[in-house]
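Peer 1: What follows is a single structure, and I will ask about it in a moment.
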Amino acid sequence: MRAIAVGALRGDPVLVELPKPEPRPGEVRVRVEYASLNPLDWQVLDGSAGDLAPAPQSFPFVVGVDYAGRVDMIGGGENRFRVGDAVFGRAGVTDTCGSYGEYLCVPQDSAITLVPRGLDPRAAAALPSAGMAAAQILEAVEPRGHDTLLVVGAAGGVGCCLTQLARARDVRVIAAVRGDERSRMGSLGAAATVDLTAGPSADALSHACPDGIDALADLASAAPDAFAGHAAAVRPGGIALSTRGAAAGARLPEGVRGVDFRLDPSPVLLDVLAAGAADGVLRVLVDAELPLEEAPQALERNRAGGARGKTVIVVRAPGRC
Ligand SMILES: NC(=O)c1ccc[n+]([C@@H]2O[C@H](COP(=O)([O-])OP(=O)(O)OC[C@H]3O[C@@H](n4cnc5c(N)ncnc54)[C@H](OP(=O)(O)O)[C@@H]3O)[C@@H](O)[C@H]2O)c1
């Protein structure tokens, strides 16, 4: 099978031919049609994922966690899937299978579920990590209706979902981005959009939210100081959450609780998100669609920043032999 893999830790991802993986008891093998790109994909490769995912131990290591495709083989034992089922999900970061490959084996009780009628498989592939993270971040920051949530890095995969899910709960979202994204973020439900190109700006934030911020979801800052700069806008009693492990080492304002978020993938949450996406309540923003061989360049571009929604990788388009 064709796959994008690395031959060593910190190696360059390249297109390779590998044997198809065989499903073990309790697993399904998925013939992957689409994968989507997450920053975790390159963070794992260069060892910068920290506690979020272990560095690969055996090689070749196939990149990627999010996928949509069809069940192609069932391992031994009980299984809730059948050959031919259209499925999507998020694989764990394992040493044997990744979603940037034509076949992927995952446990049948992992974060995998059926693609509902009305959901395009590209959108399904783009949904798992970003959608589940957004939903669980919203739970973690515990907003009440009309609270103000500052989202830093709002224009990327997680941020676009989080903005919509928060808006649906009557939370006032302040989208902090780099560049002029007022139109895009406004269409997703942001009450205000702040350009942080010049760095954390207390003036810009206090102008956008004169009554203060109840919660921060910082999806961008890896450095505790940068995170603390954004958390300075949170009022006492509020929550400052980091998806990049920056909260533990940050000096936060008195009375502000720091949270280092960690995704807990589940098939039930995937079902809820997929139903919302199929109904059009949650828009999955696909920014780019690329063939598998262009995935290495897409990873490099994502590392440099600038994501606007999701990048989908066509691994093996439906109907292609
Ligand atoms: N802890 C967990 O379990 C967990 C789960 C999901 C995601 N994450 C992490 O959360 C982060 C975001 O994920 P994602 O999928 O949304 O990534 P993404 O799609 O690549 O988006 C990141 C966004 O942040 C923006 N950005 C970067 N620096 C910024 C800054 N200083 N101010 C404002 N915006 C900034 C980028 O655009 P510009 O470069 O144009 O500003 C981009 O729009 C990643 O590091 C990911 O690994 C962690």
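The values are calculated or read from the model by the stated rules, or taken from the named source; none is laboratory data. Not measured: the values here are computed from a predicted model. Neighbour counts are summed over all protein chains in view; Cβ atoms, including those assigned to glycine, are modelled from backbone coordinates with ideal geometry.
Peer 1: If you take the residues of the range 143-194 that are of a type in the set (D, E, K, R) and under 16 Å from R308 (Cβ atoms), which of them is nearest to the ligand (Cβ to nearest atom)?
Peer 2: Ranking the qualifying residues of the range 143-194, first place goes to R178.
Peer 1: What residue, of G64, G89, is within 16 Å of the ligand (Cβ to nearest atom) and part of a strand (DSSP E or B)?
Peer 2: G89
Peer 1: For the range 300-321, give me each residue that is among the hydrophobic types (A, V, I, L, M, F, W, C) and either out of contact with any Leu (no Cβ under 7 Å at 6 or more places or on another chain) or under 16 Å from G159 (Cα atoms) (or both).
Peer 2: A304, A307, V312, A317, C321
Peer 1: Which one is farthest from M73 (Cα to Cα), of the residues in the range 1-53 that are acidic (D, E) and buried (at least 23 other Cβ atoms within 10 Å of the Cβ)?
Peer 2: Selected residue: D41.
Peer 1: Could I ask something else about it? Spot the failing condition for L18; the list is (1) under 16 Å from the mean Cα position of the chain (by Cα); (2) more than 23 Å from V286 (Cβ to Cβ); (3) at pLDDT 95 or above, and only one is missed.
Peer 2: Exception for L18: condition (1).
Peer 1: Considering only the range 240-255, state which residues are surrounded by 22 or more Cβ atoms within 10 Å (Cβ to Cβ) and either free of Cβ contacts under 8 Å to residues at least 24 places away in the same chain or among the aliphatic types (A, V, I, L, M) (or both).
Peer 2: A240, L241, A246, A247, A250 - these are the residues of the range 240-255 that are surrounded by 22 or more Cβ atoms within 10 Å (Cβ to Cβ) and either free of Cβ contacts under 8 Å to residues at least 24 places away in the same chain or among the aliphatic types (A, V, I, L, M) (or both).
Peer 1: Can you confirm whether the range 201-216 contains a residue that is near the ligand (Cβ under 9 Å from one of its atoms), in the same structural domain as G157 (by TED's automatic domain parsing), of a type outside the set (G, A, S) and touching a residue at least 12 places away in the same chain (Cβ under 8 Å)?
Peer 2: No, the range 201-216 contains no residue that is near the ligand (Cβ under 9 Å from one of its atoms), in the same structural domain as G157 (by TED's automatic domain parsing), of a type outside the set (G, A, S) and touching a residue at least 12 places away in the same chain (Cβ under 8 Å).
Peer 1: Let me ask another. With respect to T197, determine if the residue is of a type in the set (V, I, T), at pLDDT 95 or above and within 11 Å of the ligand (Cβ to nearest atom).
Peer 2: So T197 does not fit the description; no.
Peer 1: So, in the range 278-310, exactly how many residues are among the hydrophobic types (A, V, I, L, M, F, W, C) and either away from the ligand (no atom under 12 Å from the Cβ) or touching a Cys at 6+ places or on another chain (Cβ under 9 Å) (or both)?
Peer 2: Residues in the range 278-310 being among the hydrophobic types (A, V, I, L, M, F, W, C) and either away from the ligand (no atom under 12 Å from the Cβ) or touching a Cys at 6+ places or on another chain (Cβ under 9 Å) (or both): 8 in total.
Peer 1: From G245, G237, G258, grab the single residue that is within 15 Å of the ligand (Cβ to nearest atom), in contact with a strand residue (DSSP E or B) (Cβ under 9 Å, 6 or more places away or on another chain), on the phi > 0 side of the Ramachandran plot and not charged (D, E, K, R).
Peer 2: Criteria check complete, one pass: G245.
Peer 1: Moving on to the next point. Of the numbered conditions (1) out of contact with any Leu (no Cβ under 6 Å at 6 or more places or on another chain); (2) more than 16 Å from the ligand (Cβ to nearest atom); (3) of a type in the set (V, I, T), T113 fails exactly one; give the number of that condition.
Peer 2: Checking T113 against (1) out of contact with any Leu (no Cβ under 6 Å at 6 or more places or on another chain); (2) more than 16 Å from the ligand (Cβ to nearest atom); (3) of a type in the set (V, I, T), the one that fails is (1).
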